[in-house]
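The values are calculated or read from the model by the stated rules, or taken from the named source; none is laboratory data. Note that the structure is a prediction, hence the values are computed from the model and not measured. Here Cβ is always computed from backbone atoms with ideal geometry, including for glycine, and neighbour counts include all displayed protein chains.
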Amino acid sequence: MTVETLVPFEEALTRYDPVMGLEIHIELNTATKMFCGCPTEFGAEPNTQVCPVCLALPGALPVVNAKAVESAIRMGLALNCEIAEWCRFARKNYFYPDMPKNFQTSQYDEPIAFDGWVDVEVDGETFRIEIERAHMEEDTGKALHVGGSTGRIHGADFSLVDYNRAGIPLIEIVTRTIEVPPEKAPAVARAYVSYVRDLIGGLGVSDVRMDQGSLRADVNLSLKPKGSTTLGTRSETKNVNSFRSVERAVRYEISRHAGILDAGGKVVQETRHFQEDTGTTLSGREKSDADDYRYFPEPDLAPVSPSREWVKELRATLPEPPAVRRARLQSDWGFSDLDMRDTIGAGALDLIVETVEAGTTPQAAKKWWLGEMARRSNESGQDIHALGITPQQVAEIQALIDAGRINDKLARSVFDGVIAGEGTAEEVVVARKLEVVSDDGALGAAVDRAIEGDPDAAAKIRAGNLGVAGALIGAVMKEMRGQADAGRVRELILEKLS
Amino acid sequence: MTDLTRSTADELAQSLAAKEVSSVEVTQALVDRIGAVDGAIHAFLHVDADGALATAADIDDRRARGEQLSYLAGVPIAVKDVLATRGMPTTCGSKILDGWIPPYDATVTAKLKAAGLPILGKTNMDEFAMGSSTEHSAYGPTHNPWDTTRIPGGSGGGSAAAVAAFEAPLAIGTDTGGSIRQPGALTGTVGVKPTYGGVSRYGLVAMASSLDQAGPVTRTVLDAALLHELIAGHDPRDSTSIPDAVPAVVAAARRADVKGLRIGIVKELGGEGFQPGVQARFTEAVDLLTAAGAEVVEVSIPSTKYALGAYYLVMPSEASSNLAKFDAMRYGVRVPPAGVDDPSAEQVMATSRDAGFGDEVKRRIILGTYALSSGYYDAYYGSAQKVRTVLARDFDAAFADVDLLVSPTSPTTAYPLGEKLDDPLAMYLGDVATIPANLVGIPGLSLPVGLADEDGLPVGLQFLAPQKADDRLYNAAAALERLLEEKWGGTLLSRAPELEVVR
């Protein structure tokens, strides 16, 4: 394997402009597949959710899932797209063992939705992302490569194919070239994917889980020398499984392309796979313009022609647009602009909404999601939705704090326990013996010892200088090994020294 | 006792209903007939005597208990091997599906089973219905019962020959460019291609999705109508199936009256290039229609001259994609590459397809792949689709003037086996008159109208009607059939040579 020569991101931008587009695949959460009646549940035993149609047995025919068309139209409307009055499916022909028919039923030059836009915010600045199209298609099966070190097809001993996923409805959302200041490209890419996740999540048409693959983002990127109008060769990076990875993948590809171009090399047009652990991309399938999918209209399916009345009805079912919703939530919660921006940036908006709904104050919900959880997400590289902690659990832990049974510091240990699957927050507190000492007798004794141990501070407090109380509180907390309610300690100290 | 194998389906249905004969007796007679003559004909790829007799016994039981049964219940049928039959081999005449047993029934199969028709077996065909002679079957050709040194037509030569050789009163065929009608003409049987979408394609292994249509293969027009009515109708599993009610084809076949009808002879589908004996029988038949009160006029549809060219772009394009699923990954014959220790999936797909497909199939896959290639799409597939639009407009205009169109079904009678095997273009020309109906989705029926003077072999006349007006075909064809049989003093098939019977 050749070692990539990377050019630092900032340096690359002094010589090149990135040309970037994003493709997002969204798996719809319809009960049945795109063209047959098989269930779509995630995680079933391999090859148990299959039938003659999605296995492409000879003679079987597809039938369009009307619910998927409805979801596609709602999604198109939410993305400010035009909805086609008449459109067709097309066959994308290529051979691959995970694709039963050896063509994918997709849409080609007649997508269901087209010419849309969304506005995303990065550092207080708004960027408009133009949507070229959103079209319907079916997912492929899933190949599992067994043996070898990488889990990829090269070097594997054998491969297994699970066709449960084959035929699950997908919507592919394709942007036009994203025109933003070069240095903003990685952050805008991340903000866009995060925005689309919130938008589609709000429609209720998909689980939009990047970690489960129900939202998959592909980054198409090429570089052109500054001042040039000639487009470079692009790479298509797949396997980007979190918002953070979107940003990292853009940065990495800019650095990698610059390295190749600086050395006088040629970028290979190919699919690349993002590596979560190293933050790099590895070469996948080579994809040249010679790849000819021989698209033609799918003769087994009738055209889709949604009536304008239906489209109007569906438009009426759209939830509040995200910008309006955000403004409302910000006002309800009393968040500053900065708080709100951080919330969106962390992809934590809906998590905070749900935590508040579970009874926590907005401030406390923000504290946990933007502090503790964002930190854990960044450290582990996991999506903040995939940390193994739910808004309801956060609310339970905050309730224990509010009841004075634990404090913020102890709560971190409770989070560890809940994430590790040790039980409910309550059970973790008991099992890990985390409950704060609220027994005034024991606390009082500790306070007495602290006062004895620091007579100077005690004298100052008696003289009305409450600012030094912290020293005594610290001493008590240390003795109690953190398992005390600092507020109650302060009260006891002041009582004794009044 | 009458020879049950010679009875029409309608006669059998009546005898069964009157309990003059049992379905087991009928089925056994046909199984015996298959055993006696199919060695010479090779109409069947698979005979399911046990299954057919079991269905027959079940129907007899149910009839004895006084159960209300479908009109054709107990009348045995043969099914072209391109329709999925649960638990019974379905090869499409190809090596690549050798041994494949579908876990599901085609909608047509399910309807036959639900109506209680014993399925005698699966009939021979050109591989994946690609051919006009049944010589492209990977399992050897079918022989024409009129002259076993000749082809029975194709691709549905097996279904037509089975019916002509009295191995079955009824058969199912499929017609993409003439595969029901042309074998009908060449074997002296009745073959109908219904309106596209009239009969469900679910479970019909597709050659060209926008052209394929299943339909009846029988010895009489009424039998065809009875079978048509049974297998037709909307199917939610087939998006291209017509939601409308099935035309009243049986009533039309019983009406059989052409008085006052305007019938157009398609000028371009006849004359030059058509065998004199074919042309002569065609003209005589048209004269009979005139004598019976029809007004016959000549109609010109100039765009039909582009039909063959358009067909040989649309059909292979769709076929190249439809046949991609045969990759040896999930079913079918798997042939790993020789001398490769650890072959990739791609290599296995390539060698399996190479070994599993015959030359004609490969020829069409290559043609279609080329026609759909980027840079060629507009010139080939795109232009062909435009021809279809023009053809449809021209047929609409013709049907604004006449009720029905007629032409000879095939330019020639049955030719000797092997004659055109190495000349695909010559073979393709045999479908010149049948292809336009598939391209525009209209129904067509081929009726035997006599024997050509030069070779004594059957000639067919084709009726064409507007979309969804299949009943018009049956009305006119039944009328002509009666006029011809009056003239002949019997059926055409009664003049077919006796086959040598093996005991």
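Here are the numbers for this structure:
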| item | result |
| --- | --- |
| Selection status of A:Pro46, at pLDDT below 95 and within 14 Å of another protein chain (Cβ to nearest Cβ) | no |
| Top-ranked residue in segment B:332-363 [being modelled with pLDDT of 95 or more and of a type in the set (Ser, Thr, Tyr); ranked as farthest from the chain's Cα centre (by Cα)] | B:Thr351 |
| Qualifying residue in segment B:146-163 (condition: within 14 Å of chain A (Cβ to nearest Cβ), in a loop (DSSP other than H, G, I, E, B) and crowded, with 24+ Cβ neighbours inside 10 Å) | no |
| Check on B:Pro141, farther than 27 Å from B:Gly198 by Cα and of a type outside the set (Lys, Arg) | yes |
| Verdict on B:Gly51 being out of contact with any helix residue (DSSP H, G or I) (no Cβ under 8 Å at 6 or more places or on another chain), at positive phi and either not aromatic (Phe, Trp, Tyr) or not in a strand (DSSP E or B) (or both) | no |
| Residues located in segment B:281-302, provided they are within 25 Å of the chain's Cα centre (by Cα) and over 27 Å from B:Asp223 (Cα atoms) | B:Ile301 |
| Selection from segment B:107-121 of residues that are within 14 Å of chain A (Cβ to nearest Cβ) and touching a Ser or Thr at 6+ places or on another chain (Cβ under 7 Å) | B:Thr107, B:Val108, B:Thr109 |
| Residues of segment A:409-460 satisfying the condition of being in a helix (DSSP H, G or I), under 22 Å from A:Ala365 (Cβ atoms) and among the hydrophobic types (A, V, I, L, M, F, W, C) | A:Leu410, A:Ala411, A:Val414, A:Phe415, A:Val418, A:Ile419, A:Ala425, A:Val428, A:Val429 |
| Filter result (over 12 Å from the mean Cα position of the chain (by Cα) and within 16 Å of B:His46 (Cα to Cα)) within segment B:163-192 | B:Glu167, B:Ala168 |
| Residue check for A:Ala56: out of contact with any His (no Cβ under 6 Å at 6 or more places or on another chain), in contact (Cβ under 8 Å) with a residue 60 or more places away in the chain and assigned by TED's automatic domain parsing to the domain that holds A:Ile171 | no |
| Candidates A:Glu452, A:Glu427, A:Glu422 - the one that is acidic (Asp, Glu), surrounded by fewer than 16 Cβ atoms within 10 Å (Cβ to Cβ), over 14 Å from A:Ala484 (Cβ atoms) and not assigned by TED's automatic domain parsing to the domain that holds A:Gln382 | A:Glu452 |
| The lone exception for A:Ala346 - which of (1) in the same structural domain as A:Leu79 (by TED's automatic domain parsing); (2) out of contact with any Pro (no Cβ under 9 Å at 6 or more places or on another chain) it fails | (1) |
| Answer from A:Leu261, A:Leu282 - the residue that is under 25 Å from the mean Cα position of the chain (by Cα), hydrophobic (A, V, I, L, M, F, W, C) and either over 22 Å from A:Ile73 (Cα atoms) or in the same structural domain as A:Asp211 (by TED's automatic domain parsing) (or both) | A:Leu282 |
| Unmet requirement for A:Glu121, which otherwise passes all of (1) in a loop (DSSP other than H, G, I, E, B); (2) more than 11 Å from chain B (Cβ to nearest Cβ); (3) among the acidic types (Asp, Glu) | (1) |
| Residues satisfying the stated conditions in segment B:105-152, i.e. of a type in the set (D, E, K, R) and either out of contact with any Pro (no Cβ under 6 Å at 6 or more places or on another chain) or farther than 20 Å from B:Asp175 by Cβ (or both) | B:Asp105, B:Lys111, B:Lys113, B:Lys122, B:Asp126, B:Glu127, B:Asp147, B:Arg150 |
| The one condition in (1) in a loop (DSSP other than H, G, I, E, B); (2) of a type in the set (Asp, Glu); (3) under 29 Å from the mean Cα position of the chain (by Cα) that A:Glu85 fails to fulfil | (3) |
| Options A:Gly482, A:Gly464; residue that is touching a helix residue (DSSP H, G or I) at 6+ places or on another chain (Cβ under 6 Å), outside any helix (DSSP H, G or I) and either farther than 30 Å from A:Ile389 by Cα or outside the structural domain of A:His385 (by TED's automatic domain parsing) (or both) | A:Gly482 |
| B:Ala400 being in contact with a Leu (Cβ under 7 Å, 6 or more places away or on another chain) and over 30 Å from B:Thr148 (Cα atoms) | no |
| Counted residues, segment A:49-75 - those being over 24 Å from the mean Cα position of the chain (by Cα) and either of a type in the set (S, T, N, Q) or at the interface with another protein chain (Cβ under 8 Å from one of its Cβ atoms) (or both) | 13 |
| Spans of strands (runs of 3 or more DSSP E) in segment A:208-302 with at least 3 residues crowded, with 22+ Cβ neighbours inside 10 Å and in contact with a Leu (Cβ under 8 Å, 6 or more places away or on another chain) | A:215-225 |
| Residues of segment B:62-95 that turn out to be under 23 Å from B:Gly153 (Cα atoms), within 14 Å of chain A (Cβ to nearest Cβ) and among the β-branched types (Val, Ile, Thr), as a count | 4 |
| Residues (surrounded by fewer than 24 Cβ atoms within 10 Å (Cβ to Cβ) and not small (Gly, Ala, Ser)) located in segment B:71-107 | B:Tyr71, B:Arg86, B:Met88, B:Pro89, B:Lys95, B:Asp98, B:Trp100, B:Ile101, B:Pro103, B:Tyr104, B:Asp105 |
| Condition check for A:His154: within 20 Å of A:Lys238 (Cα to Cα) and assigned to a strand (DSSP E or B) | no |
| A:Gly148 vs. criteria within 14 Å of chain B (Cβ to nearest Cβ), at pLDDT 95 or above and in a loop (DSSP other than H, G, I, E, B) | no |
| Segment B:427-473, residues that are part of a helix (DSSP H, G or I) and more than 15 Å from the chain's Cα centre (by Cα) | B:Met427, B:Tyr428, B:Leu429, B:Pro436, B:Leu439, B:Val440, B:Asp470, B:Asp471, B:Arg472, B:Leu473 |
| Filtered residues of segment B:28-50 (kept if of a type outside the set (D, E, K, R) and surrounded by fewer than 17 Cβ atoms within 10 Å (Cβ to Cβ)) | B:Gly35, B:Gly39, B:Ala40 |
| Residue tally, condition at the interface with chain A (Cβ under 9 Å from one of its Cβ atoms) and in a helix (DSSP H, G or I), over segment B:324-347 | 4 |
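Each row is one residue, and each column tells you yes or no for (1) among the hydroxyl-bearing types (Ser, Thr, Tyr); (2) closer than 22 Å to B:Gly273 by Cα.
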{"site": "B:Pro436", "(1), (2)": "no, yes"}
{"site": "B:Leu439", "(1), (2)": "no, yes"}
{"site": "B:Ser446", "(1), (2)": "yes, yes"}
{"site": "B:Asp453", "(1), (2)": "no, yes"}
{"site": "B:Ala478", "(1), (2)": "no, no"}
